[in-house]
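S.K.: The structure under discussion is supplied below as structure tokens; questions concerning it will follow.
The values are calculated or read from the model by the stated rules, or taken from the named source; none is laboratory data. From a predicted model like this one, the values you see are computed outputs, not experimental measurements. FYI the Cβ positions are ideal-geometry reconstructions off the backbone, even for glycines, and counts take in every protein chain you see.
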Amino acid sequence: MASSISDNHFELSIEVPFPSQREVSIALQSLSPDREPRAGGTIKTLSASANALSVKWNAVEARSLRVSVGSFLDHLALVMETMDAFGQPALQ
Amino acid sequence: MTVVIGFEGSANKIGIGIVRDGEVLSNPRRTYITPPGQGFLPRETAKHHRGVILTVLREALDEAGLKPADIDCVAYTKGPGMGAPLLTVALVARTVAQLWGKPLVGVNHCIGHIEMGRLITGANNPTVLYVSGGNTQVIAYSERRYRIFGETIDIAVGNCLDRFARVIKISNDPSPGYNIEQMAKKGKQYIELPYTVKGMDVSFSGILSYIEDMAHKMLNSGQCTAEDLCFSLQETLFSMLVEITERAMAHCESQEVLIVGGVGCNLRLQEMMGVMCEERGARLFATDERFCIDNGAMIAQAGWEMFRVGQVTQLSDSWITQRYRTDEVEVTWRD
């Protein structure tokens, strides 16, 4: 995780490891479709590597950054729980 | 055979249903119930859905006796509705669609109600009255669209009832509307309220303000009972709905009415609509709370129709939307 602050600008990057490329790809596609609310001035960028999901935020307000990160982590946890609970049968 | 699983969570109900060629195999549901005097807010509602959604999904599969491999398509509510609850449900739908390798179909919630009503009642080409906590529309089908003939110009009829229930602290369990309906049966006098039909449209916010303003005064002075207010409010609101439905039928020369949406399971509304239909020699179709109130099977059924004509939603296009009008959808599955 990395974060930096300059004048009126906040950045945060996180990497979320997954067991395989398949899980990374599923998480990326489940979490990508919805846009950030425009009013917040926060930009979130998702990308995938071989076994990790990378998320990067650019924000003008700390408050909207915190809201965005908080809800993203909630959504990520839900996607991971769903994979744990319903992932196995598809691999048959 | 085509098996579709449907995910619904646009308001305070979370439901997952499985439909196989017109047969509902399972349809479990949970409702987020708030204390008397309180409505449901997006954040808390999403939290409720998130807490139970995987359990409800397990129930849907178990009750249907199916494995994920038996499912052909995953349908979910794309909108309209509250953003946070919609997104919670869409996330799970997207994830299982990928895990199971099944196509995804985004469904308009209103279309879900209409298609479920048509399936359950067998109504062929009805004038539809769609009444719920978030929507009030009179709809008729023409040339591949469900066209909105009349609608509320402010709040939904169910929202008016729910908020009235909050004013006089009626329980939200199982739903405010159900409790108002039961109390209304004991009402003895009709209190005159504003009647606000505007052409083909209706307005409820003024009626709500009026009753909010006078309810406590009249109750405290003993001029009327809470039961009288429930009775009077229902009679007024439902008369307005029957009036615009009848006008739409006259325009379309329709001989069928289908009532859908959560308020549609109100038996007094069905009775009043029934009287109007009888006078016109028309037929009334309605369903009970299992299918009127938001549920997963209705999304599965609309998804089934869409999937059968080859419509699927790419993951990148599977964003949810709080605003999504009934007439935005091209109805590709009807002539």
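S.K.: Exactly one of (1) at pLDDT below 95; (2) within 13 Å of chain B (Cβ to nearest Cβ); (3) under 29 Å from B:GLN322 (Cβ atoms) is unmet by A:LEU31. Its number?
M.R.: A:LEU31 satisfies all of (1) at pLDDT below 95; (2) within 13 Å of chain B (Cβ to nearest Cβ); (3) under 29 Å from B:GLN322 (Cβ atoms) except (1).
S.K.: Having 3 or more residues that are polar (S, T, N, Q) is the bar; report the helices (runs of 4 or more DSSP H) wholly within segment B:221-306 that clear it. Step through it out loud before you land on a result.
M.R.: Details: elements: B:226-252, B:267-280, B:289-292.
Because the criterion is at least 3 residues that are polar (S, T, N, Q), the helices (runs of 4 or more DSSP H) in segment B:221-306 that meet it are B:226-252.
S.K.: If you take the residues of segment B:52-74 that are among the small types (Gly, Ala, Ser) and touching a strand residue (DSSP E or B) at 6+ places or on another chain (Cβ under 9 Å), which of them is nearest to the other protein chains (Cβ to nearest Cβ)? Before you say what the answer is, go through the steps one by one.
M.R.: Our first condition is that a residue be among the small types (Gly, Ala, Ser); within segment B:52-74, this holds for B:60, B:64-65, B:69.
Next cut, touching a strand residue (DSSP E or B) at 6+ places or on another chain (Cβ under 9 Å) only: B:60, B:64-65.
Values: B:ALA60: 11, B:ALA64: 14, B:GLY65: 14 Å.
Checking each candidate, the answer is B:ALA60.
S.K.: For the structure I just gave you, tell me whether B:THR2 is within 25 Å of B:ARG325 (Cα to Cα), in contact (Cβ under 8 Å) with a residue 12 or more places away in the chain and β-branched (Val, Ile, Thr).
M.R.: Values: within 25 Å of B:ARG325 (Cα to Cα): no; in contact (Cβ under 8 Å) with a residue 12 or more places away in the chain: yes; β-branched (Val, Ile, Thr): yes.
Taking the combined requirement at face value, the residue does not satisfy it.
S.K.: Check every one of the helices (runs of 4 or more DSSP H) wholly within segment B:91-199 and list those with 2 or more residues that are of a type in the set (Val, Ile, Thr) and either at pLDDT 95 or above or within 21 Å of the chain's Cα centre (by Cα) (or both). Steps first, answer last, please.
M.R.: Values: elements: B:109-121, B:157-167, B:176-184.
Hits in segment B:91-199: B:109-121, B:157-167.
S.K.: So which residues in segment B:68-83 are closer than 19 Å to B:VAL24 by Cα and part of a strand (DSSP E or B)? First the steps, then the outcome.
M.R.: In the first step, residues of segment B:68-83 are kept if they are closer than 19 Å to B:VAL24 by Cα; the result is B:68-77.
Once the filter is applied, which keeps residues that are closer than 19 Å to B:VAL24 by Cα and part of a strand (DSSP E or B), segment B:68-83 yields B:CYS73, B:VAL74, B:ALA75, B:TYR76, B:THR77.
S.K.: Here's something else I'd like to know. So which of B:ALA286, B:ALA282, B:ALA250 ends up being among the small types (Gly, Ala, Ser), over 19 Å from B:ILE5 (Cα atoms) and without any contact (Cβ under 8 Å) to a residue 24 or more places away in the chain?
M.R.: On the way: B:ALA286 fails: without any contact (Cβ under 8 Å) to a residue 24 or more places away in the chain; B:ALA282 fails: without any contact (Cβ under 8 Å) to a residue 24 or more places away in the chain.
It is B:ALA250.
S.K.: Within segment B:49-67, work out how many residues are in a helix (DSSP H, G or I) and touching a Pro at 6+ places or on another chain (Cβ under 8 Å).
M.R.: The first filter runs over segment B:49-67 and keeps only residues in a helix (DSSP H, G or I), leaving B:49-64.
After this cut, where a residue has to be touching a Pro at 6+ places or on another chain (Cβ under 8 Å) as well, the list is B:49, B:56, B:59-61, B:63.
Within segment B:49-67, residues that are in a helix (DSSP H, G or I) and touching a Pro at 6+ places or on another chain (Cβ under 8 Å) number 6.
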